[in-house]
Amino acid sequence: MKVKCPECGGDVPIPDDVVIGEIVSCPDCGQEYEVYELSSEGPRIKPAEVAAEDWGE
Ligand SMILES: [Zn+2]
């Protein structure tokens, strides 16, 4: 299973046992995505939020 990378159009591989919230990364551009929905058409991904502390500006 794979989805198209919104950044570069490459194929992002998705594990068969993917769960919502799983982080996947594009092998072409390295962008990380979070699986946020599992639809009948396949998983939907969004750019993963970097789980860093908010240090404030
Ligand atoms: Zn990509």
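Screening V35 on (1) part of a strand (DSSP E or B); (2) without any contact (Cβ under 8 Å) to a residue 24 or more places away in the chain; (3) loosely packed, with under 15 Cβ neighbours inside 10 Å shows it passes everything except condition (3). Within segment 5-48, restricting attention to residues that are of a type in the set (D, E, K, R) and touching a Lys or Arg at 6+ places or on another chain (Cβ under 8 Å), the residue that is farthest from the ligand (Cβ to nearest atom) is E37. Looking only at residues in segment 1-32 that are among the β-branched types (V, I, T) and part of a strand (DSSP E or B), the one that is surrounded by the most Cβ atoms within 10 Å (Cβ to Cβ) is V12.
Bear in mind that the values in this text are calculations on the coordinates, not laboratory data. Note that the structure is a prediction, hence the values are computed from the model and not measured. We place every Cβ from the backbone using ideal geometry, glycine too, and count neighbours over all the protein chains shown.
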